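The values are calculated or read from the model by the stated rules, or taken from the named source; none is laboratory data. Remember, predicted model here, so these are calculated numbers, not experimental data. As a convention, Cβ positions derive from the backbone with ideal geometry for all residues, glycine included, and neighbour counts pool all protein chains shown.
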Amino acid sequence: MEITPKEVLQALSVVIDPDFKKDIVTLGMVRHINIDGNKLSFDLVLTTPACPLKDLLEKGCRDAIRERLSPDFIVDINVTSEVRKNIFMQGTLDGVKNVIAVASGKGGVGKSTVSLSLAKVLADSGAKVGLMDADIYGPSQPTLTGTESYKPTGVQGKDKNLMKAAEVGGLKVFSIGYLVEPGVAVAWRGPMMSTALRQFVSDVAWGELDYLIIDLPPGTGDAQLTLCSALKITGAVIVTTPQKVAMVDADRALQMFRMKGLTVPVLGIIENMAWFETPELPGRKFYIFGDSAAKKLSEQSGVPLLGSVPIIENLSSDTHKGSIIENNPVLPYFKEIAGNLVRNLAIQTQHLQESQTS
């Protein structure tokens, strides 16, 4: 008996996406079904190329076809992705689907390295990613990405000239550091700084992006509030280290996003410099700054802990060489962290869409 596409959809409707708690057919993730004798092919469209459930969902599809239709089918599943544009972004930064702010309550916790690592892992997964260095007083991304000598050129936008972002390692990168001379201190007062940041946000040609990662200045002042109001940020990430004083400041940064009138969803916490391992004792972790503080902050705030990253030998010296865009020893830790991040963002986007249609 010939199998129809409708029967294929009925069989696949038993595959549940654990994040959305709905079946993949209802979610519109099954497309372009083609049946040719005992050969069956279809697209499985995920919400992000960095989806950590990719293998689980593909296996679920194969099991459902085998058990509910026929074990004799030769099944070809084309796993692809389609990042959804967050409804917060309507009318803001044409072509950018999601804006993720990376924040910290204090300096020195590795926020810029975390921002670059997240952006790089997402780009390596196949997403279109931009990285905006908005740390107006201490821009680090030119050094981290090896683009200190980059000078922005102009490109024609829809109704005005825009600045072209640098392109390196599969990323589009723009930094406030490209606009000031090396070694010159940026000593701007609040109003002047706010004006510069607003112009900085609107005058870069980002093109089509799935994710724009913003490396925010540390702290909770004018710069952060200006960027949050100038951009409709779809989610924020808090970076901290295990020390108690860092956790106190991280909590302040977290609460800033929950202020009345701001209400930016905090997608997770990343604990940097969580432990140290020596080459002589591989696998043994030394918690030199203490243990479990980030987990406690996560439990108290109700914000998930996306993951922890260790202190890596030679990372600091490699950073000063500007070589970590392609040779970053912490990237393996960020694969799971980035997967958890975009997973939380996709869930938030789904909930927003459902609330708009209900």
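Screening ASP63 on (1) exposed (fewer than 14 other Cβ atoms within 10 Å of the Cβ); (2) assigned to a strand (DSSP E or B); (3) more than 28 Å from the chain's Cα centre (by Cα) shows it passes everything except condition (2).
Of all residues in the stretch 34-51, those that are polar (S, T, N, Q) and surrounded by fewer than 20 Cβ atoms within 10 Å (Cβ to Cβ) total 3. Can you say whether ALA230 is assigned by TED's automatic domain parsing to the domain that holds LYS164 and farther than 27 Å from ILE347 by Cα, as far as the supplied structure shows? Taking the combined requirement at face value, the residue does not satisfy it. Got at least one residue in the stretch 327-339 being over 27 Å from THR143 (Cβ atoms), part of a helix (DSSP H, G or I) and modelled with pLDDT of 85 or more? Among the residues of the stretch 327-339, at least one is over 27 Å from THR143 (Cβ atoms), part of a helix (DSSP H, G or I) and modelled with pLDDT of 85 or more, which makes the answer yes.
Among the residues here, GLY95 does not qualify as surrounded by fewer than 21 Cβ atoms within 10 Å (Cβ to Cβ), under 20 Å from ALA236 (Cβ atoms) and assigned by TED's automatic domain parsing to the domain that holds VAL248. Checked against (1) modelled with pLDDT of 95 or more; (2) touching a Ser or Thr at 6+ places or on another chain (Cβ under 8 Å), ILE65 meets all criteria but (2). Residues of the stretch 28-60 that are touching a residue at least 12 places away in the same chain (Cβ under 8 Å), out of contact with any Lys or Arg (no Cβ under 9 Å at 6 or more places or on another chain) and closer than 21 Å to VAL342 by Cβ: GLY28, MET29, VAL30, ARG31, PRO49, LYS54, LEU56, LEU57, GLU58, GLY60. Does any residue of the stretch 214-222 turn out to be farther than 15 Å from VAL99 by Cβ, at pLDDT 75 or above and buried (at least 22 other Cβ atoms within 10 Å of the Cβ)? Checked the stretch 214-222: at least one residue is farther than 15 Å from VAL99 by Cβ, at pLDDT 75 or above and buried (at least 22 other Cβ atoms within 10 Å of the Cβ). The sole residue among VAL342, VAL264 that is in contact with a Cys (Cβ under 7 Å, 6 or more places away or on another chain) and modelled with pLDDT of 75 or more is VAL264. So, of the residues in the stretch 69-92 that are of a type in the set (D, E, K, R) and at pLDDT below 95, which turns out to be farthest from ILE347 (Cα to Cα)? Selected residue: ASP72. Strands (runs of 3 or more DSSP E) fully within the stretch 230-309 that include at least 2 residues being surrounded by fewer than 22 Cβ atoms within 10 Å (Cβ to Cβ): 305-308.
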